[in-house]
Structure formats: structure tokens, C-alpha cells
Amino acid sequence: LDELVQAIGEIGLITGEPIAARHLTARIQAKRRAVAARVAGTNIVTVFVDDGDLSTISTHSLLGDLIREARGRSVAGASPEQGPFPAQRLRRLNPDVYVGTASSGLTLKGLRARPKTRSLRAIRNGRFAVLPSVSPEATLVDLALGCPVERQTHLLEIEYGVEIGLGVDGDVVGI
């Protein structure tokens, strides 16, 4: 996230919009501080991000940063292998929260019907969210083209405009 904030400032300079970039980065930093205050002192919650067919993301990504800042920890680790995450390993790690990207097409109903995921604690407890697919590159392109990016940089924002935290009293909660 720090790199994203810096890049937004640099793109603002390149595109002749430094003030707009400063306003956007100030809003992002304010949101980060608000989320940090909201989840301070809560337990870290284990998370699995499914980008489709059990393919997951690196913790060294924008979405990985967002999860970490919301006091989540990816069960897949820092450098998951290409392709599907091993279903047996996922069941053994049994995440508290299951997150699907918007492009994955996942639903809680569908995950409850799949033998590979139905027994997971997160799925049984309904702790599932769909998040927009976010990449730093797409965000920077959006900014360079003058499209709004603030929605993409909100911490764990669900499609319907509800932001979530992953660790308050073991529940997925609004921020």
C-alpha cells in the first residue's frame, strides 16, 4: 500500500494533477488509520483468498497488503505455487474467513455445495466475502486515465459498499 500511495503521488505529478493525487492519497491514508484503529487489539484472523478454482494470491500484492492491514493472515503463505491450492492442505489449515475475488464467480451457496470447501470453518460459519479484483497496475492505469480509484483502494470493500474487518470478536464486521 505504501508503494501504491507513492505511485499515485508520482502519477499525479506526471499527469499534471498533483493536488488531486494528494487529496486521494490523504483519503487513503485516513482510511488506513481508521481501519488500524478499528482492528487494534483484535486477534489475527486466518484468511484464504480464492481467485477461482482454488487459485490464490501472494501476500506480496495489494490485496495481500489490505488483508494484513485488516489483521488477517493468508493461510496460503507468502508465495503460493501457481495453480490450485491443494484442497487437503486448505482443509487442514481451515481458515476463519474465505474471500473470493469478483472475477472468481464464487458464492457462499456454491462453496457449500463443493466437496473441497463445504467442510471449511469459514464456509460452515458463513464467513465469506466477495472482493473486487484489485491489482496495483490496474489501479495506476485507472488513475492515469482519470478514472476513480478510491473505491478500489478501500480496505476490503464488498461490492455493496460495506467495508469489512476480519478480526473483531471473531466476526466479520462493518468498518
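Can you confirm whether the range 107-129 contains a residue that is open to solvent by 40 Å² or more (accessible area, probe 1.4 Å) and either modelled with pLDDT under 85 or under 26 Å from Ile11 (Cβ atoms) (or both)? No, the range 107-129 contains no residue that is open to solvent by 40 Å² or more (accessible area, probe 1.4 Å) and either modelled with pLDDT under 85 or under 26 Å from Ile11 (Cβ atoms) (or both).
Residues in the range 3-18 that are assigned to a loop (DSSP other than H, G, I, E, B) and among the acidic types (Asp, Glu): Glu17 alone. Scanning the range 95-132 for residues that are among the hydroxyl-bearing types (Ser, Thr, Tyr), touching a Leu at 6+ places or on another chain (Cβ under 8 Å) and under 18 Å from Ile67 (Cβ atoms) gives Tyr98, Thr101. Exactly one residue among Gly52, Gly100 is assigned to a loop (DSSP other than H, G, I, E, B), open to solvent by less than 40 Å² (accessible area, probe 1.4 Å) and in contact (Cβ under 8 Å) with a residue 12 or more places away in the chain, and that residue is Gly52.
Considering the conditions (1) touching a residue at least 24 places away in the same chain (Cβ under 8 Å); (2) touching a strand residue (DSSP E or B) at 6+ places or on another chain (Cβ under 6 Å); (3) on the phi < 0 side of the Ramachandran plot, Arg71 is excluded by exactly one of them, (3).
Inside the range 103-134, residues that are in a helix (DSSP H, G or I) and among the hydroxyl-bearing types (Ser, Thr, Tyr) make up a count of 2.
The values are calculated or read from the model by the stated rules, or taken from the named source; none is laboratory data. Computed from a predicted structure; not experimentally measured. Cβ atoms come from the backbone with ideal geometry, glycine included; neighbour counts cover every protein chain shown. These area figures cover heavy atoms from the full protein model, side chains too; ligands, DNA and RNA do not enter into them. Shrake-Rupley method; radii C 1.70, N 1.55, O 1.52, S 1.80 Å.
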